[in-house]
Amino acid sequence: MTHLSEVELLRAGRDQPLSEASRSHLGRCEECREGVAEVRECERILGDPKSWDAAAPESTATDAIADALIAYRNRLEKEDADARRLLETVGDGGAEMLAILIREAPEAETAGLVRELIARSETERERTPRKALAWIEVARNVAARLGQQGLPAGAAEHLRGLAEKEYANALRVLGRYSEAFEALDRAEAWLSVGGAAEYDLAIAAFGRGILCAAVGRSEEALGFARSSAEVLAEYGDTRRAAHSRMLEALLRARRGELPRARQILEELEGPLRQDEDWATLAALSANRGNLALDERDVPGAIRFFEEAEELNRKTGQIVHLARADWQLGVVLIHAGRLDDGIARLVRARMRFQIQGMPGEVAALSLELVDAFLASKRISEARELCSSLPDDCRKLGMGQNALLALAYLRECGEAGRLSVHSTAHVREYLGRAERNPELAFIPLPG
Amino acid sequence: MLPATNGTFSVSMEVREFRSLVDGLTAFARARMGVPAPVASEIAQTVLARFLSGRYDVKSELAWLRKAVARECADYHSKLSRSEVYMGTAAELPDRGRDPIPQIHSELLAKRVVAELPARSGEVLRLHYLLGFTAAEVGERLGISASYAENLISKGLAEAKALLCTKKREPR
């Protein structure tokens, strides 16, 4: 049996006339029918525009991609600059003013504005979490309204995911954990769109680990800490990978696995020093200080907290510097070095005051009042309570929290100041941080 | 493989350097990770766009890009191998609508066939099949006779068929 020639197969596939013999053979021969089907498949492929998408000569295709990416980069640079100018205009008006401005000028709602707002929220998260939340809420709204026009595939969704992730962080700092979990769910869904998502999802997993740790779901937190550390290290993000490992160490310490926790923290030191990542080293020292306390090694804790303080000073991380001073002050007081500890706390309080952080000023002041009471320096305790409401009012503290501080002042004036009254106010302030509308009720009597 | 940029990648790169970066990442995806050229380009584009949007603060941007490209290539291979499993056991699977993976594979195969056609055949077939030119119109456009254009179309189609058969036999 002679099969059809290539020319005859092509003719048959293109529905051109065939000889009777060829037609008859085709009816009997499955192999030739397959050949004809292949010709028809080729015709279908060649007629489909999608097949020709990337068929330009390779150098031309690469150039087109590079040109599109350069255009996107330039667009982002311009939008970032415009957004920075807009945020300067807003000044002290804050997120509310910004929301009004962009309602009047919707063209300001750009990818660049979302990026700038995410960065601003991230910067302010530690210092002023409420403001950070307000900024990121605007970012979420803008991101949700971003069109696809002019953006690479998946870019709008990516920005939406990044905004949701930062929203989850701000909610976590404010103790709104269940909302933070929901925001993280949304973040992960948006970040998964469009490919190349593994890195962002690892950062989100780290955030989920911190959240789980905060609500006592330590086993889950440990899993997220370990998996995120691995991926982040693979992407060369040594800083975030180190933070994930520090979270793992914290969780292991909580489970009483103190030697393993110490080992993890010790392993981190070398690479961070090699990278000269002083900011992360400062966080590492603070964590080692806390672990030393768990191990009842007070001199070790003091040494690590001093190291953290030094590194934070070196890197100009004022808020962290104040926190290191705070930790060190508390340790020194518990070690019986009251005067040294109080001096640290006074310095930390001043730093928080300069940074405009009323919550921290109030909490530290309570710590100081307790220390003054313990060292029988009653007049200093009274003096501090007397100035506290005014100091915090100037920093913008809410009315209900100020009432709690005024109660403390009254206690001082009436000679009723005690660790019970400071504990009562401290407990209230902790709850008011999550719910500013909560009314303060003084202790009976 | 990747352009020499002293280990740094900057969003303020010159146009020429940027092109060289796209080239490098595409070549890395093709030669080292074994994905077809059109897919490699798409992956390089996706990864770079993601990097530009994300303002990532990492020690080595190039290391980040390579890792992301490698991961995307691995995902591509994994999707293709899953498609074979799916097709083999389709009868046992619950009906969840049309499985997109065989479709993806078929589209990629088509792109690879078209991309590897000789330039002359590619041009003739593009005019005839994509733009719908008759053989006479193709001839007019290229300054050749209608019958010669018809011959070129047949020759090009034969080349496409041969490529399709070869590609189908290649391991995915």
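The values are calculated or read from the model by the stated rules, or taken from the named source; none is laboratory data. Bear in mind the structure is a predicted one, so any value in this text is a computation, not a measurement. With ideal geometry, Cβ positions are generated from the backbone for all residues, glycine too; neighbour counts draw on all protein chains shown.
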> Which of the residues belonging to region A:139-153 are in a helix (DSSP H, G or I) and more than 13 Å from B:S53 (Cα to Cα)?
Replying inline: A:A139, A:R140, A:N141, A:V142, A:A144, A:R145
> Can you find a residue in region A:109-125 that is more than 19 Å from the chain's Cα centre (by Cα) and crowded, with 18+ Cβ neighbours inside 10 Å?
Replying inline: yes
> Would you say A:M397 is of a type in the set (A, V, I, L, M) and in a helix (DSSP H, G or I)?
Replying inline: no
> Are there any helices (runs of 4 or more DSSP H) wholly within region A:55-137 with 3 or more residues that are facing another protein chain (nearest Cβ under 10 Å) and modelled with pLDDT under 85, and if so which?
Replying inline: A:58-90
>> For region B:32-63: of the residues being at the interface with chain A (Cβ under 7 Å from one of its Cβ atoms) and β-branched (V, I, T), which is surrounded by the most Cβ atoms within 10 Å (Cβ to Cβ)?
In response: B:V47
>> Out of A:A233, A:A170, A:A189, A:A202, I need the residue that is among the small types (G, A, S), closer than 25 Å to B:T46 by Cα and in contact with a Phe, Trp or Tyr (Cβ under 9 Å, 6 or more places away or on another chain). Which one?
In response: A:A202
> Filtering region A:232-265 down to residues that are without any contact (Cβ under 8 Å) to a residue 12 or more places away in the chain and not in a loop (DSSP other than H, G, I, E, B), which residue is nearest to A:E220 (Cα to Cα)?
Replying inline: A:R260
> How many of the residues making up region B:117-148 are surrounded by fewer than 17 Cβ atoms within 10 Å (Cβ to Cβ) and facing another protein chain (nearest Cβ under 9 Å)?
Replying inline: 3
> Of all residues in region A:152-184 being at pLDDT below 90 and touching a Lys or Arg at 6+ places or on another chain (Cβ under 8 Å), which is surrounded by the most Cβ atoms within 10 Å (Cβ to Cβ)?
Replying inline: A:G154
>> One residue is enough: does region A:324-334 have a residue meeting the conditions assigned to a helix (DSSP H, G or I), within 23 Å of A:R260 (Cα to Cα) and not polar (S, T, N, Q)?
In response: no
> If you take the residues in region A:228-239 that are within 17 Å of the chain's Cα centre (by Cα) and surrounded by fewer than 23 Cβ atoms within 10 Å (Cβ to Cβ), which one is nearest to the other protein chains (Cβ to nearest Cβ)?
Replying inline: A:T238
> Take the residues of region A:1-35 that are among the aliphatic types (A, V, I, L, M) and assigned to a loop (DSSP other than H, G, I, E, B): which is surrounded by the fewest Cβ atoms within 10 Å (Cβ to Cβ)?
Replying inline: A:M1
>> Take the conditions within 14 Å of chain B (Cβ to nearest Cβ), under 17 Å from B:F51 (Cα atoms), in contact with a Leu (Cβ under 8 Å, 6 or more places away or on another chain) and not β-branched (V, I, T) and apply them to A:A156. Does it pass?
In response: yes
>> Six or more apart or on different chains, Cβ atoms under 6 Å: show the pairs whose first residue is in region A:70-86 and closer than 13 Å to A:A111 by Cβ and whose second is among the β-branched types (V, I, T).
In response: A:R73/B:V11; A:E79/A:T110
>> Among (1) of a type in the set (A, V, I, L, M, F, W, C); (2) at pLDDT 85 or above; (3) within 23 Å of the chain's Cα centre (by Cα), there is one condition B:A135 misses while meeting the rest; what is its number?
In response: (3)
> Quick check: anything in region A:293-316 part of a helix (DSSP H, G or I) and closer than 25 Å to A:E427 by Cα?
Replying inline: yes
>> Considering only residues that are surrounded by 15 or more Cβ atoms within 10 Å (Cβ to Cβ), within 23 Å of the chain's Cα centre (by Cα) and among the acidic types (D, E), which ones fall in region A:261-319?
In response: A:D277
> So which residues in region B:149-164 are loosely packed, with under 15 Cβ neighbours inside 10 Å and over 28 Å from the mean Cα position of the chain (by Cα), if there are any at all?
Replying inline: B:N151
